[in-house]
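I have placed the structure first, in the form of structure tokens, so that the comments after it can refer back to it.
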Amino acid sequence: MSAPSYLHQQGLLSWFLTLDHKRIAVLYMVTVTFFFFAGGLAATLIRIELVTPQGDLLTADGYNRAFTLHGVIMVWFFLIPSIPSVFGNFLVPIMIGARDMAFPRLNLFSWYLLLGGGLFTLLALLLGGVDTGWTFYTPLSTMFSNGHVVAVICGVFIAGFSSIFTGINIIVTVHTLRAPGMTWMRLPLFIWAIYATSIILVLATPVLAITLLLVAAEHLFNVGVFDPRLGGDPLLFQHLFWFYSHPAVYIMILPAMGVVSELITAAGHKRIFGYRFVAWSSVAIAVIGFLVWGHHMFVAGQSMYASLVFSLLSFLVSIPSAIKAYNWSATLYKSDLTLHAPFLFALTFIGLFIIGGVTGLFLALLAADLHAHDTYFVVAHFHYIMVGAAVAGYFGALHFWWPKITGRLYSQLWGKITAVLVFCGFNLTFFPQFLLGYLGMPRRYHAYDPDFQFLNVLSSAGASILALAYVLPFFYLLGSLRWGERAPMNPWEAAGLEWRVPSPPPLHNFEEPVTVDFEAYDYSPEARRDPV
Amino acid sequence: MIRSDEKPAEPFVAWAQQREAARLGIWLFLATEAMMFGSLIMVAWLYRLQHPDGVAEAVAGLHWQLATANTFMLLTSSLLMTLALAASEQGNALRLRRCLLGAALLGVLFLACKGVEYGLEYREGLLPGFAEDSPLHLPSAHLFMNLYFIATALHAVHVLVAVGLGLWLYMRLAPDNLSARGTRTRLEMVTLYWHLVDGIWILLFPTLYLVGR
Amino acid sequence: MSTANALKVYVGLLLLLAVEVLVALFWPRNSSLIMLAAAGQFLLLLIFYLGLYRHQGWVRLFGCLYLLWLLMMMVFILGETATR
Amino acid sequence: MNEHFLRLWPVQGSDYAVSVDWLVIGFTGMMALFVVPVFVALWMFIWRYRRGREANRDHRAQSNLPIELAWIILPFIGSLVIFLFSARLFFFARTPPADALEIQVTARQWMWKFQHQGGQREINTLHVPARRPVKLTMISEDVIHSLFFPSLRIKQDVLPQRYSMLWFQAEHSGTYQVYCAEYCGTDHAAMLARLVVLDPGDYQHWLQDNGSAADLISQGETLYRQYGCGSCHDSGNAPPLAGVFNRTVRLADGGQVVADDAYLRDSIVLPQKHLVTGYLPIMPTYSNLLDEEAVQRLVAYLRSLPATASGDPK
């Protein structure tokens, strides 16, 4: 009988004191799903509120707190930890042939940091409520808002360290624990994407830590760093904040790109087209992503020449994303395609990511940004990237590796229904917002012009379909734990080390040490799929 | 004489691999510290460029003699930590522990000196939050004083952590298990962290105290 | 790193410290000289005590990337404040 | 107000708005050129190569350098061309013509206050002449706001303690909605204003029938007398203010600065910021006595002071 699976051990302590990267990944999955529904509730409140032009469901203050909660929880406690911590933790060691992450204790400590920071922030947001938006712009957050800003800042500060330690863990694991024969050019593209994300996690998050520290000091002791009366500069806050936050949006999208590379090659049964270009485009996004933060401040009083430079660099950063999109569609040429559920999520990703990327270039255009900045056009753009692409990537990964994580198969039909519902509900929700934005409806408006009501009602209708689509997997995936049939070792006949171990994998991933002698995505007929 | 039952930690197959991983891990952590303090130093330089006169007034009031003594102490502690690492490579336990203790004591002396400095500034009414009758009348001087306080306090916390690590390692290095591979790796990590804390002070010292006196 | 080398580097660090303080006291106008001495100290520490010379590629790579980033941010600060 | 049920394109209030619309439509066209082939290729490949349908799947290409370089360089060159157009428009929108009509704007938490040269003051409405460039000098009294004219396709953040500038030339008379775009607290959604564009004739009538007794400059003069600025500035132990506007002032720390609006405002509200050589830093701050509107009136008065006949003071 092969070694018992990692889920074999029972009891609470086996979960809360585990050092096994697979169990920590499952802990992250539960935590991240909880925060996803907490943020989603706030989003539902906002969409119901915006059905009528005058604010009747929530007061102005209530609405401001709702969108701040939605922003803070979704960005820092769902999008940033979702794929790197859940699937990064589970898959990185298995995909490179290692027994565990480099620093197991640091891994568990990161989860406790995220959980502690998250609950503390959610508590501070619910009990006190902060109305500064997730961007904490000064002098509003330092001189004109209530004391709970400092509590929320402490929560996010703590959770920031969870990102830093996860990033360090992944980089060290990929550098030092690869199985013999697993050279850099044989690594799966998911590993390249997670490695590039970890570089951003490690280098950008400390700047957020010091910025939040300065805002808290400014709020408590009126230190003056961002207070213009003492000579400080509110624009300096925006520079420091966006220096972190733009790389942070690449933290959210890069792992999802890695997932889609895996899904496309597995569904098409074919090696990816242009492996080197797609691999190095992840690293290129990570590096250039650090240079473009100024395009958030074209209208904020930044000098014209700095805006010119940032606009040009923003066009440069869109090239690696274009390379990925083109290479994905080129991979499907002469492929042997099976239309299973995860692949539909990958198609949703490609469709919505391309629209999101192109509208991002709209906002990089200086003259167009003068009009579209801080309107619903921006809201639609970043939701297309964060919700359309990153969450579709997360759901694709969930449906693709669910048999490997839990050892159970779920119903493909329901998976496909969810994918189609997500695509339709999403477009109905956010495409009208592009039109609203160009018509001039500003962001974060609690009551708006009656002219805009029709498009807002369309958007709220779409939001209800999207909410349904996000709740569906909750049933058939958890249902599969009980009624799902046992999953074989390789349900999708995919190539990759994780499909050569039993599902769910044993505690130490591999019975005997692994040597890798095959290229990445080796679907050639002679490559037998024998169990390792 | 390496004890035979001592095998590398769980995920690693060889000692060299584990030391390599620990070294890369500490270097990445140093990179995050450098990014954080780098941003703080850049903010200080931004305000030096924007308000030269206000900053000059604030810098005039700082106690540069104490700070120079502090810099000397941190440089010596860095030397002692390097000598400690050299002693561990030669297997000389006594020198290793003496150097480690020396470095930790110098760190405590640095913190004491910093405390004295804060005490003087508190009496002069320069610290943020307690500055009712502060002698500074330029607003940007207040700003720079507050920035000085945040930067030095954050650095003092890191010196405190470094001293704690040094003393913890001193306890662990009881004469018998000096040669355990794990402790030598830990010694190297603490040495690297110590040098970073010293390197940050080397850049903070002129930025806050010396330029534009 | 041998004891003799460590002492040599230590003396170098102290010399640069002395240069810094003297320049700050007697020629306060040229602050760039002070910062050059500080940068010298930082590099001495980075290469010898932190042992950059002993490590292979990725530490040196991270070191150079970081110094390049510092330079870029400095150029950005001067450019933005000058043209605002 | 909403005469037709569903408006999909914002009204075009100025020539600049038309050119921005053409830029956006041009960019959409070019991007469609690069994106539609991807969608078509996706559907075609999914249909042709799905499992169970026979198609020749041999000698599959692993990679192809020319194709990769093509879809890197072509989209980049296309976007560069559009980037140059947008940069030209951006510079046009950021450099006001010299003969623009000056209006002072002050933003406060949740209202807009406008002051015309003739002394008229309005709250949450702005009357401007059609077909003439109008330059707004804006400042905020508390948090960051942003004056947004959707029909003119422009917006500009209004920062505390610092003047920011916005200029436009409205073509057609009419009433347009104005929003605050930067989130500024509880009633951010209620911080609205109306832009009323009048033909030049009607504009003159409007100026007369609610013009106040004194124009902006004389109001500034009364403030100058009221706070006794002359006791120091005219008696020689403070820098003389005759012809001070756009004069290069030598500072105590050796630097030089041109006395523009920002410098005049800083000297009133934060006198310690720029110390002029040869004078003691004894000027008290007026930040608690004067609000932003009063400062704007004083600055308007100081700008109008001619250089005295006895040559340009040092």
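None of the figures in this text is laboratory data; all of them are computed from the coordinates on show. Not measured: the values here are computed from a predicted model. All Cβ positions, glycine included, derive from the backbone under ideal geometry; neighbour counts span all protein chains shown.
Return the calculated 222 nm mean residue ellipticity for chain D, to the nearest 500 deg cm²/dmol, obtained by summing -39500 (n - 2.57) across DSSP H runs with n ≥ 4 and dividing by the residue count.
Estimated from H runs of four or more residues: -11500 deg cm²/dmol.
Just want the answer: with Cβ charges of +1 for Lys and Arg and -1 for Asp and Glu, which residue in A:Leu435, A:Leu313, A:Pro180 is farthest toward the dipole's positive end in chain A?
Value: A:Pro180.
Just to be sure I follow the definition: excluding the sites themselves, where is the longest run in chain A that has none of the GluC sites (Glu not before Pro) in a DSSP loop with at most 14 other Cβ atoms within 10 Å?
For GluC sites (Glu not before Pro) (loop position, at most 14 other Cβ atoms within 10 Å), the longest site-free span of chain A is A:1-484.
Could you check the spin-label model distance between A:Phe518 and D:Ala70? Points 7 Å from the Cα along Cα→Cβ, value in nm.
3.3
Picking from D:Trp9, A:Pro228, A:Ala463, whose Cα lies most toward the positive end of the charge dipole for the protein assembly as shown (charges on Cβ: Lys, Arg +1; Asp, Glu -1)?
Toward the positive end, the furthest listed residue is A:Ala463.
At a Förster distance of 30 Å, what's the computed FRET efficiency of D:Asn210 paired with D:Thr95, Cβ-Cβ distance as r, to 0.05?
With R0 = 30 Å, the Cβ-Cβ based efficiency is 0.40.
Starting from the coordinates of the alpha-carbon atoms of chain D, obtain the Kirkwood hydrodynamic radius over all distinct pairs and give the value in Å to one decimal.
By the Kirkwood definition, the hydrodynamic radius is 23.8 Å.
Per residue, what volume in Å³ does the convex hull of the Cα atoms of region C:1-50 enclose?
So the per-residue hull volume is 46 Å³.
Mind jotting down the three principal axis lengths of the protein assembly as shown based on Cα atoms? Whole angstrom, largest first.
The Cα atoms of the protein assembly as shown stretch 103, 81, 55 Å along their principal axes.
Can you sort B:Arg184, A:Arg444 by how many other beta carbons sit within 10 Å, fewest first?
B:Arg184, A:Arg444
How large is the charge dipole for the protein assembly as shown, taken about the Cα centre, if only the Cβ atoms of Lys, Arg (+1) and Asp, Glu (-1) carry charge, to the nearest 20 debye?
Taking the Cα centre of the protein assembly as shown as origin, the dipole is about 3120 debye.
Over the Cα atoms of region A:299-450, Rg to Rh with Kirkwood Rh, two decimal places?
With Rg and the Kirkwood Rh in hand, the quotient comes to 1.06.
Given 5 Å bins starting at zero, what is the percent of C-alpha pairs of region D:216-304 in each, up to the one with the largest pair distance?
Binned Cα distances yield the sequence 3, 14, 25, 31, 19, 7, 1.
Computed FRET efficiency, Cβ-Cβ of D:Ser235 and A:Tyr112, R0 56 Å: what is it to the nearest 0.05?
0.20
To the nearest 20 Debye, how big is the dipole of region A:1-80 about its Cα centre, given +1 on the beta carbon of each Lys and Arg and -1 on that of each Asp and Glu?
Dipole magnitude for region A:1-80 comes out near 260 debye.
Which one of A:Thr515, A:Ile354, A:Ile158 is farthest out on the positive end of the charge dipole of chain A, using unit charges on Cβ (Lys, Arg +1; Asp, Glu -1) and the Cα centre as origin?
After comparing all options, I get A:Thr515.
Assign unit charges at the C-beta atoms only (+1 for Lys and Arg, -1 for Asp and Glu), then state the dipole size of chain A relative to its Cα centre in Debye, rounded to the nearest 20.
Computed about the Cα centre, the dipole is about 840 debye.
Work out the mean other chain Cβ neighbour count within 10 Å for the residues of D:151-161 and drop it here as an integer.
Neighbouring Cβ atoms belonging to other protein chains average 6 per residue here.
What lysines does A:Lys22 reach when the alpha-carbon gap must be under 17 Å and sequence neighbours fewer than 8 apart in one chain are set aside?
A:Lys404
Evaluated at 25 °C with a viscosity of 0.890 mPa s, what Stokes-Einstein diffusion coefficient in µm²/s does region B:1-106 have when Rh comes from the Kirkwood expression over alpha-carbon pairs?
Value of D from the Cα-based Kirkwood radius: 135 µm²/s.
Taking a quarter of the surface of the convex hull around the Cα atoms of region A:18-500, what do you get in nm²?
Average of the hull's projected areas for region A:18-500 equals 21.7 nm².
List the residue ranges in chain A for DSSP H helices whose C-alpha atoms run 15 angstrom or more along the long axis and whose Kyte-Doolittle average is 0.0 or above.
Answer set is A:21-49, A:60-74, A:104-127, A:148-176, A:189-221, A:234-268, A:275-288, A:304-331, A:341-364, A:392-406, A:412-439, A:453-483.
Show that you can apply the helix-only estimate: for chain B, add -39,500 (n - 2.57) for every DSSP H stretch of four or more residues, divide by all residues, and state [θ] at 222 nm to the nearest 500.
Roughly -27000 deg cm²/dmol at 222 nm, from the helical runs in chain B.
Where the Cα atoms of region B:22-210 are projected onto their three principal axes, how long is each span, largest first, in whole Å?
Projected onto the principal axes, the Cα atoms of region B:22-210 cover 60, 31, 24 Å.
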